[in-house]
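A quick write-up on the structure given underneath.
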Amino acid sequence: MFPIQSLLSARLFVSPKLVEGRIYFVSNMSGKLNLYVMDEEGACFEPHFCPHIALQNPTLMNGELFVILPELGRILVMIDGDGNEVYKPYLIPLTGGYPEPFMADTFATDRVNCVIADSEQNMAYF
């Protein structure tokens with residue numbers, strides 16, 4: 001027999017993307033969905049931005065969880081306001097840090113979804 005807690009603590013590892021020798025993926029290792037990064041050769045993975053911010057549930061989204069834009073040195077993520085499910089686009093530096101709103105004035109009153117993104121052309125459709 002095993003404790004039920006072991007089933008309740010299953011971890012997600014979704015949307016892995018390999019860019020310039022680094023693997024970026026979404027996981028709920030901290031209890032909230034966050035973007036993690038690790039070296040391609042293997043290493044200890046690290047959260048890519050603040051732990052109090054949670055990403056959207058990947059099973060509820062129709063679009064991209066995150067888009068890496070290496071030419072711009074940024075990652076595009078969709079973040080809501082404390083669980084209100086009104087998603088807005090944010091940019092994070094490739095080195096990690098605090099998410100900055102992307103086109104905040106344009107999307108101020110809208111719920112946004114990143115349907116298609118092309119990292120080679122630095123283009124996203126919302």
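Structural remarks
- One residue from ILE116, ILE53 being among the aliphatic types (A, V, I, L, M) and either surrounded by 13 or more Cβ atoms within 10 Å (Cβ to Cβ) or at pLDDT 90 or above (or both): ILE53
- Test: residue in segment 105-118 that is of a type in the set (Phe, Trp, Tyr), on the phi < 0 side of the Ramachandran plot and part of a loop (DSSP other than H, G, I, E, B): yes
- Sole residue being surrounded by 17 or more Cβ atoms within 10 Å (Cβ to Cβ) and of a type in the set (S, T, N, Q), chosen from ASN122, ASN28: ASN28
- When segment 81-104 is filtered for residues that are in contact with a strand residue (DSSP E or B) (Cβ under 8 Å, 6 or more places away or on another chain) and either modelled with pLDDT under 80 or not in a strand (DSSP E or B) (or both), the ones remaining, listed by number, are GLY81, TYR87, LEU94, GLY96, TYR98, PRO99, PHE102, MET103, ALA104.
- Within segment 67-93, restricting attention to residues that are more than 10 Å from the chain's Cα centre (by Cα) and in contact (Cβ under 8 Å) with a residue 40 or more places away in the chain, the residue that is surrounded by the most Cβ atoms within 10 Å (Cβ to Cβ) is LEU69.
- Checked against (1) out of contact with any Lys or Arg (no Cβ under 7 Å at 6 or more places or on another chain); (2) among the aliphatic types (A, V, I, L, M); (3) farther than 25 Å from ARG11 by Cβ, VAL86 meets all criteria but (1).
The values are calculated or read from the model by the stated rules, or taken from the named source; none is laboratory data. These numbers were taken from a predicted model, which means no experiment stands behind them. All Cβ positions, glycine included, derive from the backbone under ideal geometry; neighbour counts span all protein chains shown.
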